[in-house]
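Where a number appears in this text, it was derived from the coordinates with a stated rule and is not lab data. The structure presented is a predicted model; accordingly, all values stated were derived computationally and were not measured. All Cβ positions, even for glycine, are placed from backbone atoms using ideal geometry, and neighbour counts span all protein chains on display.
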Amino acid sequence: MSAEAIKAPVAAQAPPSPLRAFWNAFSENRGAVLGMAVVLAVILMGVFAGLLTSYDPLEQYRDAVKLPPVWAEGGNWSHWLGTDPLGRDMFARLIYGSRLSIFIGMSVMLVSTFIGIIIGLLAAWRGGLFDVITLRVMDLIMSIPDLVLAIMVIAVIGPNLTNTIVAITLVFLPRYVRLVRSSAQVELSKDYVTAAKVSGVRPLRLMLTSVLPNCLAPLIVQAALGVSDAILEAAGLGFLGLGAQPPTPEWGSMLADAKDLITSNPWVMAMPGLAILITVLAINLMGDGLRDALDPRLRRS
């Protein structure tokens, strides 16, 4: 081998793409990967609920009232998770309920994020009296416990699915407004923003193309965790009879329907409770993984 061949530099490997680097950091957290898999499974179950069961979640089977699950005495494979006090198939109601719960969580997150970005960027850019008023209003909303405020809103506008989304959005809005405002204020103090102002970049373009992209990392984490919080809040309102109204298959209202059967037929209440627990835990695990992957300071060595 010639000396030139020995001294030839080894070709440097190309750095991974941003998406590949994000996945490498995210996949280091096995709990986050497991949580994402569970969340995807819940979403797919809701989307393809009609293919996973032949039962209608609202249909009552009078010959199978309070049928236990298949592993309990008296259960059978025709209703493998059992039936509720009205003879409705529990598996069908659970997977159709996942569709509704995920829809509520995603709707609240998307609306809260959109409005929070607008108000937060305006408060950071305008400052002064507008910023003070915005903060005081957000502080006022946050000073009232979440469930109490949601109940107050529902009491005024009435209980139904749409109003549930409105109430929970109002409850969680301050989180997004304050997060976007604080992140935008940090970015506005940096040199690249000053240079853009001097060069004549319009405020709207500056905020949307330069400031907002640099605020997305914490906002994405908050949005992911906000979905689980919205699902819990909707379940709480449903349990109190202020969310989605019967006979709609919603996990919180299913818990309320079964609260009198916790000792005699515990599976009727255990199934929706476990569905809420598993879904919320999976979303929180995925949110922790997103936080670690998007913040280099928290990445595992």
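Quick check on the chain: helices-only [θ] at 222 nm, where DSSP H runs of length 4 and up contribute -39,500 (n - 2.57) each and the sum goes over total residues. Nearest 500, please. It comes out at -22000 deg cm²/dmol, rounded to the nearest 500. Taking Val39, Val221, Val65 as the candidate residues, the one with maximal mean-square fluctuation in a Gaussian network model of the chain, Cα springs under 10 Å, is Val65. Derived from the Cα gyration tensor, the three semi-axes of the equivalent ellipsoid of segment 29-298 are 43, 20, 14 Å, largest first.
Quick one: angle between helix 161-188 and the longest Cα principal axis of the chain, in degrees between 0 and 90, rounded to 10, please. Once rounded, one gets 20 degrees.
Taking GluC sites (Glu not before Pro) in DSSP loop states with no more than 15 other Cβ atoms inside 10 Å as exposed sites, the chain has its longest site-free stretch at 74-301. Reducing segment 184-263 and segment 12-56 to their Cα centroids gives an inter-centroid distance of 20 Å. Axis of helix 216-239 versus longest Cα principal axis of the chain: the two differ by about 20°, to the nearest ten degrees. Only Lys, Arg, Asp and Glu carry charge here, each on its Cβ (+1 for the first two, -1 for the last two); on that basis the chain has a dipole of about 1140 debye about its Cα centre. The label point for Lys197 and the one for Ile43, both projected 7 Å from the Cα toward the Cβ, are 3.9 nm apart.
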